[in-house]
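Just so it is clear, none of the values below were taken in a lab; they were calculated from the coordinates. On a predicted model such as this, the values are computed, not experimentally measured, just so you know. Cβ placement follows ideal geometry from the backbone for every residue including glycine, while neighbour counts extend to all protein chains displayed.
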Amino acid sequence: MTDQTMAGSATNKEFALEAKDLRKLYKRGGEEIPAVDGVSLAVKKGEFISIIGPSGSGKTTLINLLGCLDNATSGSLKVVGETIFSASKCLSESDLTRIRRRVFGYIFQKFYLVPTLTVLENVILPFAFFKKAGARTNPMEILRFLGLDRRIHHRPSELSGGEMQRVAIARSLVNKPEILLADEPTGNLDTKRSIEIGGILKSLNERDGLTVLLVTHNPALAGIAGRTIELRDGKIFA
Amino acid sequence: MAENKISIYQIAYKNLLRKKTRSLLTMLGIGLSAWVLISLMGFNKGYESALSKDIDNMGFQVLVTAKGCPYEAATLMLKGGTGLRYMQEAVISDILKHEEVEKVTPQLMAAIFDPNRGESGGINAYLGVDPSTFPAMKSYLEFKQGGWFTDPNAMEAVVGYEAAELEQREVGDMLLIPEKNVELKVVGVLKRSGTADDGTIFVPLRSVQKIFEKEGLITAAGIKVDKNANINELENKLYDLPDVQVVSLAQVKTTIMSLVSTAKVMVFSIALIAILISMLGVINTILVSVYERFQEIGIIKSMGAMPWDVFRMIWTETVILCLLGGSLGIGFSFLVAKITDVLIRSLLPYTPTGSLVIINGSLALLTLGVVIAIGLVSGVYPAWRASRVRPLESIRSEGD
């Protein structure tokens, strides 16, 4: 489908993400392996989707493509109505950065907190590079919501795994993203902490209307989403 | 309410605190090269000014001696005074005829072997000076005790600070000239001047001529040139006098400076190597820390940092290292300037009196500027490398 036909769609404004026939090929020993193989997906604003599937099914590759962290080999992608990638258009790395910082918040399996910064400094780290109009002027609100308000002067080494992930969540939220991408956010946490993080994502979606895409191995965690997509061999299975 | 501002500079500074030992060692390397650099520049400045001061303190700019090698007078004196070359005293009036000449003072160097000096004897040297012209030319000389001679023909001596200590003489003591069996009365002891005068025994010219039977003869005439006159022109005119050698102290200075320049090239080469090594140290430290933080840099980029933001952050880390290391080295150089002086003195064949290493504020600023420039240059590659990290690289390693 071309850029023009997508732009012509009357329901564009409702969608946070619109992927059509996304394909990502990796070359391995002269052979082209499709990591994502013709995925079409429309994510409505305020939707909570979990993506599940076995290892190597293309979950992370798909979320990287949807989150503008990687370029697709073919297909098209629109993010909040703006064409990021299509047969006739491909944004530059700088333009992708602009989209990323305006639209997305990311949470990963590893927390990537800066060890020499305090909890508060880690949370407001994105402000050093970019402060979106309408960003949270008081990061304490989000810290309080995440139960970290008493830990703001602590360093990451003084926190538990669950607390560190909550700091990473707070950091992803300070610039008020429209879409939160969480790639195995509970991969390093025990069951209790996983449920806790799941609950936070759920309430962010319900309370703030945040669009959430959650990649997980954990079926229980996937169950909290409004819609679950299963990937197998780079294709949507169910 | 908690402060909710953070800058790239704060992050850069705190990044350096992650591996404190590594940052400290790199800083010490930079500090060491800053110390070497400022000390050498200080030496470059200090040596020349100390030499100029030494020469200016001689009180005259041109020395006229009897014909021969210009350095012969000193050499012969050290050999025992035999063979010193003499000129007629009348040359003074010929010299004074030139309008460029402001003052002239005749000198007669006499030396004699003293069997009681040291363990196996030594040379005692006496400098006959004219009481009417010499003190005026050496106006900077100050007395610790007593004063100049009472009479142009008096059997008296004024002793330099070190000579007085060596001979253990005070005003009122007698000084025996060996072989001649003449005793001189010490009428003055000079304060330390930091020049060759400290080791000299001054005696009225007429008395030296009489004691050593050199009436009407002198070994040298020191000329103070008029401020507005051209020294080179005067030198050429003086060569017209029969059987004289003209030594311009400016020439002596140039000769000594050119001898020292070889040593300077050597030490500057060492400084250059030190700087290069510290630069490589900085590049290595920052590059390793960039590689260690590859994923973290990727995450920062996913937060919205532009390549230039990351470049600036890493560049700032390098500059902070260099700034702190440089300040450390410069501070250290101020503290140990005296030791550096002694160290350089032991390396060079001839050193003037006075401070050899002059380290001041402007030199410190210059060194800091050089060190920061080194930081900026060293930081370019690691910063560029970091700015090129793609966000995806940070998560790819996590698997699918």
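The table below gives the values:
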read-out	value
Charge dipole magnitude, Cβ of K and R +1, D and E -1 - chain B, Cα centre, debye nearest 20	2080
Given B:67/B:214; A:24/A:202; A:176/B:5; B:191/B:214; A:59/A:110, the pairs whose alpha carbons are separated by over 21 Å	A:24/A:202; B:191/B:214
Most mobile of B:204, B:135, B:106 in a GNM of chain B (Cα contacts under 10 Å)	B:135
Angle between chain A longest axis and helix A:191-208 axis [Cα atoms, degrees, rounded to 10]	70
Footprinting exposure proxy for A:186, B:254 (fewest neighbouring C-beta atoms within 10 Å first)	B:254, A:186
Share, in percent, of DSSP beta bridges within chain A that are antiparallel, nearest 5	60
For chain A, size of Cβ-based charge dipole, Lys and Arg +1, Asp and Glu -1, in debye	460
Computed over chain B: relative contact order in percent, which uses C-alpha pairs under 8 Å that are six or more apart	28
Dipole of the protein assembly as shown, positive end: most advanced residue of A:119, B:342, B:289 [Cβ charges, Cα centre]	A:119
Over region B:68-242, relative contact order from alpha-carbon pairs under 8 Å, at least 6 apart, %	29
B:148, B:308 arranged by Cβ crowding within 10 Å, fewest neighbours leading	B:308, B:148
DSSP-defined antiparallel bridges as percent of all bridges, region B:68-242, nearest 5	75
Listed residue (B:15, B:364, A:36) projecting farthest to the positive dipole end of the protein assembly as shown, Cβ model	A:36
Relative contact order of chain A, pairs being alpha-carbon contacts under 8 Å that are 6 or more residues apart, as %	29
Dipole magnitude of the protein assembly as shown about its Cα centre (Cβ charges: Lys, Arg +1; Asp, Glu -1), debye to nearest 20	3520
Residue exposure sequence - A:68, B:322 - by fewest surrounding Cβ within 10 Å	A:68, B:322
For residue A:145, net neighbour charge (Lys/Arg +1, Asp/Glu -1) across residues whose Cβ lies under 15 Å away	+3
Percent antiparallel among DSSP beta bridges (both partners in the protein assembly as shown, rounded to 5)	70
